[in-house]
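Have a look at the structure below, then the notes.
The values are calculated or read from the model by the stated rules, or taken from the named source; none is laboratory data. Computed from a predicted structure; not experimentally measured. Cβ placement follows ideal geometry from the backbone for every residue including glycine, while neighbour counts extend to all protein chains displayed.
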Amino acid sequence: MAYILANAFSGGMLANIPAGELRFEWITEEEAIAELTELYERGLLESIVGHEPTAVVLSERLGFPVELHRVRYLAYPGDIIYVAQVLERLPVTAGELTEEQIRTVPIGWLVVEVL
């Protein structure tokens, strides 16, 4: 079982799971802060945030350092993934977002549990 902090979720994360179920739940930012802080303080949280400006902004919002760690992640049953999800459709011309831009877009918190 792993507790993962991510800035995206994709089907590619499920490549090594032949069959199974997922549970999706939206939580508030306050719930995310409480849950992730506890996991961080217990040394149980692994960051797979692969975009440096996002890691910086998440560090500010969560109140602890979010490591930049761009890796290919493969989920296993029992894993819980906390996804900081941008909730706005950005224009194609937006390009790579800066810290300033990320601070202005709404971010939702999606929890994905691999059953």
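Kindly indicate the residue of the range 50-65 that is in a loop (DSSP other than H, G, I, E, B) and in contact (Cβ under 8 Å) with a residue 24 or more places away in the chain and also nearest to E29 (Cα to Cα) among those meeting that condition. By that ranking, first place goes to G63. Filtering the range 10-37 to residues that are in contact with a strand residue (DSSP E or B) (Cβ under 9 Å, 6 or more places away or on another chain), at pLDDT below 95 and closer than 27 Å to E60 by Cα leaves only M13. Inside the range 42-85, residues that are buried (at least 16 other Cβ atoms within 10 Å of the Cβ), small (G, A, S) and under 21 Å from Q101 (Cα atoms) make up a count of 4.
So, in the range 88-99, of the ones that are loosely packed, with under 10 Cβ neighbours inside 10 Å and under 29 Å from L45 (Cα atoms), which residue ends up modelled with the lowest pLDDT? Among residues in the range 88-99 that are loosely packed, with under 10 Cβ neighbours inside 10 Å and under 29 Å from L45 (Cα atoms), the one modelled with the lowest pLDDT is R89. Has the range 66-87 got any residue that is in a helix (DSSP H, G or I) and not small (G, A, S)? No, the range 66-87 contains no residue that is in a helix (DSSP H, G or I) and not small (G, A, S). Among the residues of the range 9-40, just one is surrounded by fewer than 16 Cβ atoms within 10 Å (Cβ to Cβ), under 13 Å from the mean Cα position of the chain (by Cα) and in a loop (DSSP other than H, G, I, E, B), namely S10. The condition of being under 16 Å from F9 (Cα atoms) and in contact with an Asp or Glu (Cβ under 9 Å, 6 or more places away or on another chain) holds for G108. Per the listing L44, L68, L115, the residue uniquely touching a Lys or Arg at 6+ places or on another chain (Cβ under 7 Å) and not aromatic (F, W, Y) is L115.
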